[in-house]
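Below you'll find the structure, written out as structure tokens, and then a few comments.
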Amino acid sequence: MASVKPNQSVINSFKILEAISSSASYVGVSQLSKKTSLPKTTVFRLLETLHYLGLVKQNDKQEYMLGRAFLKYIDRVKNQEDLVSVSTPFLKEFASEIGETINLGILYKDEVIYLKSIRGERFTFRVQLLPVAPLYNSSLGKIFLSTFSNEALEDYINKTNFEKTTINTIVDIDKFKEEINKVKEQNIAYDNEEAEYGLTCVALPITKSNKVIAAISVSGPTSRLKIKGLNKIIQTLQDTADSINHAISMIDDIN
């Protein structure tokens with residue numbers, strides 16, 4: 001893989017944010033220039049963008065402090081940490097009992113982000129190494145798509161390139177809509193070797209106050225899951241989801 005050259009403007013922006021966060025009160029351009037060893041013109045230019053994004057706020061003396069936009073990122077990180085912390089013991093119990101990999105994922109910008117994976121028996125599948133996955137060909141993704149309004153689903157379809165990664169990948173739009181409607185009705189989603197040959201995944205939602213906030217899935221070689229009994233595996237996955245749902249219902253901070 002070719003090495004990626006870091007973007008210097010992004011690096012400088014984080015230098016400025018770090019300098020602001022280390023100050024107990026508002027701090028001016030001159031002070032920030034001195035703290036970051038950046039020219040005043042560079043500091044001022046980057047501050048304008050950061051201010052526009054709401055990442056910093058400005059007083060009438062042209063001094064700066066971290067803005068309210070940071071709060072949503074702080075809350076999001078805390079939510080994720082709490083969700084992982086609460087879910088991990090149940091994920092480990094499932095992986096130990098069933099011997100297959102269980103994943104915890106969330107929806108973020110039309111992709112699945114894997115927050116936690118507990119591996120069962122050893123096997124190597126490419127998709128298991130990725131921290132993100134598309135929505136359309138993953139069981140976790142289908143759970144999230146089933147929560148979309150008709151308008152939001154149409155928007156997702158229109159802007160998504162449905163790549164046929166295996167012969168089972170659903171790329172026909174009418175069949176895809178039928179698949180998502182089935183997930184809505186049954187509250188369970190399948191990836192029947194749609195992302196990778198030989199890999200089957202089954203996903204269930206994680207909810208709080210009747211809102212889907214995450215999903216869990218079991219992943220394993222198709223043949224092995226059949227031998228172990230897919231119905232038994234799904235029932236244990238449902239028990240795991242129920243346990244997580246109950247645990248997070250007791251924590252106010254997760255939403």
Original post:
Which of the residues belonging to the range 186-199 are modelled with pLDDT of 95 or more, open to solvent by 10 Å² or more (accessible area, probe 1.4 Å), closer than 20 Å to residue 107 by Cα and in contact with a helix residue (DSSP H, G or I) (Cβ under 9 Å, 6 or more places away or on another chain)?
Top reply: 187, 188, 190
Original post:
Is it the case that the range 185-193 has a residue that's assigned to a helix (DSSP H, G or I) and within 21 Å of residue 146 (Cα to Cα)?
Top reply: yes
Original post:
Residue check: is residue 161 modelled with pLDDT of 90 or more, surrounded by fewer than 20 Cβ atoms within 10 Å (Cβ to Cβ) and within 20 Å of the chain's Cα centre (by Cα)?
Top reply: yes
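If only one of 183, 132 is closer than 22 Å to residue 113 by Cβ, surrounded by 11 or more Cβ atoms within 10 Å (Cβ to Cβ) and at pLDDT below 95, which one is it?
On the way: 183 fails: at pLDDT below 95.
Matching residue, one of 183, 132: 132.
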Subject >> One residue from 68, 76 being more than 30 Å from residue 228 (Cα to Cα), out of contact with any strand residue (DSSP E or B) (no Cβ under 8 Å at 6 or more places or on another chain) and at pLDDT below 90 >> reply: 76
Original post:
From 215, 203, 241, which residue is in contact with a Ser or Thr (Cβ under 6 Å, 6 or more places away or on another chain) and open to solvent by less than 20 Å² (accessible area, probe 1.4 Å)?
Top reply: 203
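The values are calculated or read from the model by the stated rules, or taken from the named source; none is laboratory data. Model, not experiment: these values are computed from the prediction. In this analysis, Cβ positions are derived from the backbone assuming ideal geometry, glycine residues included, and neighbour counts consider all displayed protein chains. SASA here: full protein model, heavy atoms, side chains in, ligands and nucleic acids out. Shrake-Rupley method; radii C 1.70, N 1.55, O 1.52, S 1.80 Å.
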